[in-house]
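*Asks:* Dumping the structure here so I can ask a few things about it.
What follows is calculated from the coordinates using simple rules that are stated; it is not laboratory data. Since the model is a prediction, treat every value here as computed from it, not as a measurement. All Cβ positions, even for glycine, are placed from backbone atoms using ideal geometry, and neighbour counts span all protein chains on display.
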Amino acid sequence: MTTTHFFLFITILLHSCHSLTGADDFVRSIDRSLLGLNKKEKVSHIKFYWHDIVSGKNPTSIEVIAATNKINTTTFFGLTRMLDNPLTLEPNLSSKLVGRAQGFYSSTSQTEADLLMAMNFAFVDGKYNGSSITVLGRNPIFNKVREMPVVGGSGFFRFARGYVQLNTYSVNLKTNDAIVEYNVYVIHY
């Protein structure tokens, strides 16, 4: 068998295997209007306060992986917390609840206070009830203003993209509870 015949044989064999597996059958084009994409995109600004409560009898953020003190004691490298934090209209916890931030954050730097955050902002108010916005990104917590990308959404915020800007409103140094202002700028249909 010549080299040319060998490559022709391999090409036919690969094409046959590709056809037998139906690799093209799992992806197909659809009409954009079936997903409501024939409308113009909307841009929304959403502002709320994120309450990270780590103290007391009913914390909303709990440690699931402890930081290893052998590596670094100043950045808490490796620390991971799961959260179900309230989102309110105003900085006081007793103000109107508009949703919950559900996800986790982890300390990811050995030299700086940086967090990897992955959260769904699950809204519970008005026409946004049942809708969510998902963010995933780096949060260098000692910077005045931080930015993380919006990577998706559901319900009212399907196909969402955009970014959030956040800044720390207050931190209780005795309890480590924090309140962070979030400004979400999101493009959606």
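*Asks:* Which FRET efficiency, nearest 0.05, do residue 111 and residue 47 yield, Cβ-Cβ r, R0 22 Å? Intermediate results must be reported in sequence, preceding the final value.
*Replies:* Details: r = 32 Å, r/R0 = 1.46.
According to the calculation, E is roughly 0.10.
*Asks:* Continuing with the same structure: At q = 0.19, 0.23 Å⁻¹, what is the log10 ratio I(q)/I(0) for segment 101-189, with the Debye formula run over Cα points and no solvent?
*Replies:* The computed values of log10 I(q)/I(0) come out as -0.90, -1.19.
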